[in-house]
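Asker: Below are the structure tokens for one structure; questions will follow.
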Amino acid sequence: MQRLRNFLDHHCDNPALVTVIEGLMVACKDIAYKVQLGSLAGVLGSAEQINVQGESQKKLDVIANNLIKQALRAMPQVKGLASEEESDAVACNPDGEFLVLFDPLDGSSNIDVNVTVGTIFSVLQSDPGDDPTYESTYLQCGREQVAAGYVLYGPSTLLVLTTGKGVYSFTLDPRVGEFYLQRENIRVPATTKEFAINMSNQRFWLPEMKNYVADLLLGEEGPLGKRYNMRWIASMVAEIHRILTRGGIFMYPYDSREPQKPGKLRLMYEGNPMSMLIEQAGGKASTAFENIMQVEPTSIHQRVSVVMGSKDEVDTVIRYHES
């Protein structure tokens, strides 16, 4: 089996990027250990504070954020970082080459009930004159990403990674503390009969999304002509991992609960990195109106609607929104 470091040495042309990915994985191994221990490590429950997103933080949100921040700040290759849990961008090392954006614990509402959570990350190139304390330094569209990935903390701990040359999956062997390559050149099937969406928000969706989902539920007798199964885990990492494993479509569309926000998920920490993975695997990622990685960001905490997964099904959603 091929270790992560050996894989990166042969598939990544930039040694500095290799170091950044490896450094991130040191923090993620620590998070995985704490997730496995659960209440034995005192990581369950609320932190009794609100983050910049206006959400109640779990203890493990704070712990995971601090572990990743500490690891990145120690790396000379990292100029700055931005986290879903931080109000502002954080300067790391002035001569660094990269900017790292991350969601330290996606799906944290699941942690207390022992359901899958994960870490999502995105790596951007930094120019020499960039100031890592300025939000504008990080406002690059998704096409500018040099690497993206997630770590899934489930029955096994998995790293799914792209550096722009396909998507690869690694499994952590806790006996030796190493990630080993398991799946190469992952591909998302173009068609699917499986969708994931939070149906409890249906009354707030746009009419086009309501019509699409209504037609899904009609099955073989409906205009889409096939029977669909619905899934919902409330963890984007888990949803996207299922799609990268067997296909499907994941949707968190615009809704009218907060009309001033174009969606719920964060463009820089969730939308862009997951879109890069999906596209590198042959799938498609859209807001239902435009490609997610072409959205020009205006804020590091900008939100976006998300429709991603099997290409043909995403195209179908887009057609509903064009009619």
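Readers should treat all values here as calculations from the given coordinates under stated rules, not as data from a laboratory. On a predicted model such as this, the values are computed, not experimentally measured, just so you know. All Cβ positions, even for glycine, are placed from backbone atoms using ideal geometry, and neighbour counts span all protein chains on display.
Asker: How big is the Rg/Rh ratio for the chain, C-alpha atoms only, Rh by Kirkwood, two decimals?
Answerer: We get a ratio of 0.95 for the chain.
Asker: Under a plain spin-label model, where a point goes 7 Å from the Cα along Cα-to-Cβ, how far apart in nm are Gln70 and Asn185?
Answerer: 4.1
Asker: Please list, or write none, the aspartates and glutamates whose alpha carbon is within less than 12 Å of the alpha carbon of Lys58, excluding same-chain residues fewer than 8 places away.
Answerer: Glu48, Glu85, Asp106, Asp112
Asker: Let me ask something else. Among the lysines, which fall within straight-line cross-link reach of Lys284, defined as a Cα-Cα distance under 23 Å, with same-chain neighbours fewer than 8 residues apart omitted?
Answerer: Cα-Cα hits under 23 Å: Lys165, Lys193, Lys210, Lys226, Lys261, Lys264, Lys311.
Asker: Filter the chymotrypsin sites (Phe, Trp or Tyr not before Pro) in segment 124-187 down to the DSSP loop ones having no more than 15 other Cβ atoms within 10 Å, then list what survives.
Answerer: Working: sites: Tyr134, Tyr138, Tyr150, Tyr153, Tyr168, Phe170, Phe179, Tyr180; in loops: Tyr134.
Here the sparse-neighbourhood loop sites are Tyr134.
Asker: Sticking with this structure for a sec: Modelling each spin label as a point 7 Å along the Cα-to-Cβ direction, I'd like the Gln125/Arg319 distance in nm, to one decimal.
Answerer: 3.8
Asker: Can I get the semi-axes of segment 194-322's equivalent ellipsoid? Compute them from the C-alpha gyration tensor as square roots of 5 times the eigenvalues, in angstrom, largest first. Each step should come with its number before you reach the end.
Answerer: Numbers: eigenvalues 95, 60, 34 Å².
Those come to 22, 17, 13 Å.
Asker: Right, something else. How would you rank 268-279, 2-13, 114-125, highest first, on the average number of other Cβ atoms within 10 Å across their residues? Working shown, then result.
Answerer: On the way: 268-279: 27.2, 2-13: 14.7, 114-125: 23.3.
In decreasing order of mean packing, 268-279, 2-13, 114-125 become 268-279, 114-125, 2-13.
Asker: Report the full-extension gain for the segment Tyr33 to Arg257: residue separation times 0.36 nm, less the Cα-Cα distance, to one decimal in nm.
Answerer: Details: separation 224, 0.36 × 224 = 80.64 nm, distance 3.71 nm.
Answer, rounded to one decimal: 76.9 nm.
Asker: Quick one: which residues, 5+ away or cross-chain, put their amide H under 5 Å from the amide H of Lys58? H built at 1.01 Å from N.
Answerer: Result for Lys58 returns Ala47.
Asker: Along Cα→Cβ, 7 Å out, is where each label goes; now give me the distance between the ones at Val113 and Arg143 in nm to one decimal.
Answerer: 4.1
Asker: Going 7 Å from the Cα of Leu217 along its beta-carbon direction, which residues of segment 237-281 have the amide nitrogen within less than 20 Å of the resulting point?
Answerer: Flagged as within label range: 249-257.
Asker: Right, another one. Normalized C-alpha radius of gyration of segment 1-113, against 2.2 N^0.38 Å?
Answerer: Details: Rg = 15.3 Å, N = 113, 2.2 N^0.38 = 13.3 Å.
The reported ratio for this selection is 1.16.
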